[in-house]
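Bear in mind that the values in this text are calculations on the coordinates, not laboratory data. Everything quoted here is computed from the prediction, not taken from an experiment. Note that we place each Cβ from the backbone using ideal geometry, even for glycine, and neighbour counts take in every protein chain shown.
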Amino acid sequence: MIHTFATLLIFQTLGEGLAYAFALPVPGPVIGMVALFGFLLARPGAAEGLAPVSLEFLRHLSLLFVPAGVGIMVYGEQVLVAWLPIAAALLVSTVVALAVSALVLRALKK
């Protein structure tokens, strides 16, 4: 379990470091997740070692939403002021995610 947790933290830290070093507009954890994906493609056997602990983390995923909820409570006034851009960003990102998922599914079915 410690090995898996360390592996996930290493990739997140790598992503954070790259995002900071190159002033990338992409969040560090996203870069780390892409790097982890590349690592798992290069070494498929590593996925079997990471799977049990990762699945256990997913069972408790709701705990990760607590900081977001607290952030909304703390910055509630700012959220009310900027509700239109936030709603637009949510709508556009949802549509893009659905479209990309549909295109990937179509490509994988071929």
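Of the labelled options (1) 14, 51, 32, 3; (2) 12, 25, 40, 20, 3; (3) 13, 34, 22, 15, 9, 6, 2, 0, which one gives P(r) over Cα pairs in 10 Å bins from 0, in percent as computed for this structure?
(2)
Once you have the Cα-Cα distance between Leu14 and Ala51, take 0.36 nm times their residue separation minus that, and quote the gain in nm to one decimal.
Working: separation 37, 0.36 × 37 = 13.32 nm, distance 2.04 nm.
Taking Leu14 through Ala51 to full extension adds about 11.3 nm, to one decimal.
Are there chymotrypsin sites (Phe, Trp or Tyr not before Pro) in segment 1-82 that DSSP puts in a loop and that have at most 11 other Cβ atoms within 10 Å, and which ones?
Numbers: sites: Phe5, Phe11, Tyr20, Phe22, Phe37, Phe39, Phe57, Phe65, Tyr75; in loops: Phe22, Tyr75.
Answer by residue number: Phe22.
Which value at 222 nm does the chain reach when only helices count, each DSSP H run of 4 or more adding -39,500 (n - 2.57), with the total divided by all residues and rounded to the nearest 500 deg cm²/dmol? Show your work: numbers first, answer last.
Working: 6 runs with 92 residues, N = 110.
Mean residue ellipticity at 222 nm (helix-derived): -27500 deg cm²/dmol.
Run the quick spin-label model on Leu58 and Thr94: label points 7 Å from Cα toward the beta carbon, then report their separation in nm to one decimal.
Label at Leu58, label at Thr94, 2.3 nm between them.
How do Ile10, Ile2, Ile31 line up, fewest other C-beta atoms within 10 Å first? Spell out each step's value before the answer.
Details: Ile10 14, Ile2 7, Ile31 20.
Placing the least packed residue first, the sequence is Ile2, Ile10, Ile31.
Through the Karplus equation 6.51 cos²θ - 1.76 cosθ + 1.60, θ set to phi - 60°, convert the phi angles of segment 40-52 into ³J(HN,Hα) values in whole Hz; use x for Gly and Pro.
With coefficients 6.51, -1.76 and 1.60, one gets 5, 5, 6, 10, x, x, 5, 5, 5, x, 7, 4, x Hz.
Hey, what do the phi angles of segment 87-98 turn into as Karplus ³J(HN,Hα) couplings, whole Hz, using 6.51/-1.76/1.60 and θ = phi - 60°, x for Gly and Pro?
Karplus values, whole Hz, x for Gly and Pro: 5, 5, 5, 5, 5, 5, 5, 5, 5, 5, 4, 5.
For the residues Glu77, Glu56, what sequence is obtained by ranking on other C-beta atoms within 10 Å, fewest first? All intermediate terms of the calculation are to be shown ahead of the outcome.
Details: Glu77 8, Glu56 11.
Starting with the residue having the fewest Cβ neighbours, the order is Glu77, Glu56.
Putting +1 on Lys and Arg Cβ atoms and -1 on Asp and Glu Cβ atoms, find which of Phe65, Tyr20, Leu98 reaches farthest to the positive end of the dipole of the chain.
Leu98
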